[in-house]
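Structure first, commentary second.
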Amino acid sequence: MQWDSNFRRSVILLCEHSDNGSFGLILNRTLTLVMEQVFDDLPGFSEEISWGGPVQPETLHFLHRLPDQLDGGIEVRPGVFWGGDFDLVKAGIRSGTISPDDIRFFLGYSGWSPGQLADEVGHGGWIVADSSEEFVFDTAEDAVWGQSMRSKGGSYTILANFPEYPSLN
């Protein structure tokens, strides 16, 4: 099986997994774009946009921890919500009631057809770990991979500190 280099050391929050397929967002791939560059009606909101994955890169997705403020979100982990009413997002940003600490934006997503992700996991293509609200929103991008590996313990701790390109050391 050949692995997709798009996902090298990627940490993906799986938002949906069913008989119809799987959907997730990469937590550790920030783009060089900020929200005010993409939306003219959000001046001054310089929250970075992450690359959610290679599928439909023209689509915008968001994770938040504001279920009382943003209707329509789906809870994907305790305290972590995917999507919701984007007009409420923009209104909250303009009024200052939504903090960049409580919401993350992504262009594109990572997707798998029915059975594909289970097959890839079965062949060792993915390491499965738990996540939390704090991990999703409070962990610096450059620490996401290492923290994920350390949280698994044992031999995974070695991976947390292993250089990405050991031949260059």
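The values are calculated or read from the model by the stated rules, or taken from the named source; none is laboratory data. Remember, predicted model here, so these are calculated numbers, not experimental data. All Cβ positions, even for glycine, are placed from backbone atoms using ideal geometry, and neighbour counts span all protein chains on display.
Each row is one residue, and each column tells you yes or no for (1) farther than 23 Å from residue 135 by Cβ; (2) touching a helix residue (DSSP H, G or I) at 6+ places or on another chain (Cβ under 6 Å); (3) among the polar types (S, T, N, Q); (4) at pLDDT below 95.
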position	(1), (2), (3), (4)
8	no, no, no, yes
36	yes, no, no, yes
40	yes, no, no, yes
50	no, no, yes, no
61	no, no, no, no
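Output yes when any residue across the stretch 32-47 is under 13 Å from the mean Cα position of the chain (by Cα), touching a residue at least 40 places away in the same chain (Cβ under 8 Å) and part of a strand (DSSP E or B), and no when none is.
So far as the stretch 32-47 goes, no, none of its residues is under 13 Å from the mean Cα position of the chain (by Cα), touching a residue at least 40 places away in the same chain (Cβ under 8 Å) and part of a strand (DSSP E or B).
Report whether or not residue 131 is touching a Lys or Arg at 6+ places or on another chain (Cβ under 7 Å), among the polar types (S, T, N, Q) and closer than 26 Å to residue 32 by Cβ.
Working: touching a Lys or Arg at 6+ places or on another chain (Cβ under 7 Å): yes; among the polar types (S, T, N, Q): yes; closer than 26 Å to residue 32 by Cβ: yes.
Yes.
Just the residues that are touching a residue at least 12 places away in the same chain (Cβ under 8 Å), in contact with a Gly (Cβ under 9 Å, 6 or more places away or on another chain) and assigned to a loop (DSSP other than H, G, I, E, B), please, taken from the stretch 59-112.
Correct list: 65, 66, 67, 69, 70, 71, 72, 83, 84, 85, 98.
Taking the conditions exactly as written (over 18 Å from the mean Cα position of the chain (by Cα), of a type outside the set (S, T, N, Q) and within 30 Å of residue 41 (Cβ to Cβ)), does residue 124 satisfy them or not? Break it down into steps so the answer makes sense when it comes.
Numbers: over 18 Å from the mean Cα position of the chain (by Cα): yes; of a type outside the set (S, T, N, Q): yes; within 30 Å of residue 41 (Cβ to Cβ): no.
Spelling it out, it is not the case that residue 124 is over 18 Å from the mean Cα position of the chain (by Cα), of a type outside the set (S, T, N, Q) and within 30 Å of residue 41 (Cβ to Cβ).
In the stretch 113-151, which residue that is part of a loop (DSSP other than H, G, I, E, B) and touching a Gly at 6+ places or on another chain (Cβ under 6 Å) is farthest from residue 28 (Cα to Cα)?
The first filter runs over the stretch 113-151 and keeps only residues part of a loop (DSSP other than H, G, I, E, B), leaving 113-115, 123-132, 139-140.
Filter once more, keeping what is touching a Gly at 6+ places or on another chain (Cβ under 6 Å): 113-114.
Working: 113: 23, 114: 25 Å.
This residue is 114.
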